[in-house]
Amino acid sequence: MTPTSISPTSSSSVPELADRLATVRGAIADAARDAGRDPASITTIVVTKFHPASLVSDLADLGMRDFGESRHQEAEPKIASLARLEATWHFIGQVQSNKARQVRQYVDVIHSVDRESLLAPLAGDPRDVFLQLDLSGQPGRGGVAPEGLLALAEATAGTPGLVVRGLMAVAPLGAEPRRVFARVRELSDDLRTIVPTADALSIGMSGDFREAILEGATHLRIGTAITGNRPTPV
Ligand SMILES: *Cc1c(COP(=O)(O)O)cnc(C)c1O
C-alpha cells in the first residue's frame, strides 16, 4: 500500500501496468495453447477509454500498438494529441451517424458498424470494419440482429473503401460467454458466404477473453484487466 491516497482520476504507475500486462499476456498465451492456436494470431487491443493520453504513451513504451476508444468526443482530441505515436486506433463504441465521417478520419479500424445508415458517411479511402452483432435480443444497445447480418454485410461490402474484416460482439450481461462466442463463430461462417475473407472475430474483454480465444477470437478488446479501473467519465 502506498501512504498517499489515490484519486479516482489517477492512472496506474508504469510498474503496475507492466505487471497487469504480463499477467494478461500470460493468460492469453495459456488460452491460445489450450486452443491449439498461435498467440501471435491474436491482436490485443487495449481499451483506453476514460483514461488520459499519458496512459496510452506508457502502454506504447511497454510494447502495445493497438488501442481502442469508444466515445467520439473523447477519442478525437486524445488521438490527435498522440499523433506521434506509432499506433493502430480502433473505434469500438456506438457510432452516431452524424459523427461517422469524423470518426473515420482519425481511426484505422471501426468495430461497430451495425446499420446501413452509417455506410454512406463511412465511405472513402480504405478502412477496415467489423460488423457488430447484437446477441442480447434487446435492440438499442448497438449491434445488428443476426437476421439482419447478411443484408448489412452485402451493403457494407458494396460501400467504397470499406473492407469487411469480420464480426464484433459483446457477450450480454448474464449470458454464458462461451455460448455467445460459439454463436458468433457460427454466424461468421454465414458472413463468409458473402465476404469470403471476413474471418476475423473481435470478441473477448477483460472478463471473458479466455472463452473468446477458445472460440477463435482474433481481436481481443481488453480494458480494465490491463489498465486497472477506469476513472469516472467526465
Ligand atoms: C469498454 C469496452 C471494452 C473493455 O471492457 P473491459 O471489461 O474493461 O475489458 C471492450 N469492448 C467494448 C465494446 C467496450 O465498450
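How large is log10 I(q)/I(0) at q = 0.32 Å⁻¹ when the Debye formula is applied to the Cα atoms of region 144-194, each weighted equally and without solvent?
Cα-only, vacuum Debye calculation for region 144-194: -1.31.
How big is the chain in terms of Cα radius of gyration and Dmax, in angstroms?
Just the Cα atoms of the chain yield Rg and Dmax of 17.5, 59 Å.
Which whole-number percentage describes the relative contact order of region 1-127, with Cα contacts under 8 Å and a sequence gap of 6 or more? Working shown, then result.
Values: 124 pairs, mean separation 21.7, N = 127.
It rounds to 17 percent for region 1-127.
In whole percent, what relative contact order does the chain give with Cα contacts below 8 Å and a gap of six or more residues?
21
Would you mind checking the radius of gyration and Dmax of region 1-116 based on alpha-carbon positions, in Å?
Cα-based Rg and Dmax for region 1-116 come out at 16.1, 53 Å.
Rounded, prolate or oblate: pick one for region 94-169, where a ≥ b ≥ c are the square roots of the eigenvalues of its C-alpha gyration tensor, a/c under 1.5 means rounded, and failing that, prolate if a/b is larger than b/c, else oblate.
prolate
What is the magnitude of the charge dipole of the chain about its Cα centre, with +1 placed on the Cβ of each Lys and Arg, -1 on the Cβ of each Asp and Glu, and no other charges, expressed in debye to the nearest 20? Kindly include the intermediate steps, with their values, before the conclusion.
Working: 24 positive and 28 negative charges, 74 e Å.
Using Cβ point charges on Lys, Arg, Asp and Glu, the chain gives about 360 debye.
³J(HN,Hα) across region 136-144 via Karplus (A = 6.51, B = -1.76, C = 1.60, θ = phi - 60°), whole Hz, x for Gly/Pro?
Here the 3J(HN,Hα) series is 8, x, 10, x, x, 8, x, x, 9 Hz.
Could you tell me how far the Cα centroid of region 182-218 sits from the Cα centroid of region 60-110, in Å?
Spelled out, the Cα-based centre of one part sits 22 Å from the other.
Would you pull out the residues with amide H under 5 Å of residue 145's amide H, same chain only if 5 or more places away, H placed 1.01 Å from N?
The answer is 134.
Which ³J(HN,Hα) values, rounded to whole Hz and listed in residue order, are derived for region 96-109 from phi using the Karplus coefficients 6.51, -1.76 and 1.60 in 6.51 cos²θ - 1.76 cosθ + 1.60 with θ = phi - 60°, glycine and proline given as x?
Here the 3J(HN,Hα) series is 6, 4, 7, 10, 4, 5, 5, 4, 4, 5, 10, 10, 9, 9 Hz.
Which one of 167, 204, 224 is farthest out on the positive end of the charge dipole of the chain, using unit charges on Cβ (Lys, Arg +1; Asp, Glu -1) and the Cα centre as origin?
It is 224, whose Cα lies furthest towards the positive end.
Bear in mind these aren't lab numbers, they're just calculated from the coordinates by the rules spelled out. Because the structure is a prediction, the values reported are computed rather than measured. Cβ coordinates were reconstructed from backbone atoms using ideal geometry, including for glycine residues, and neighbour counts include every protein chain displayed.
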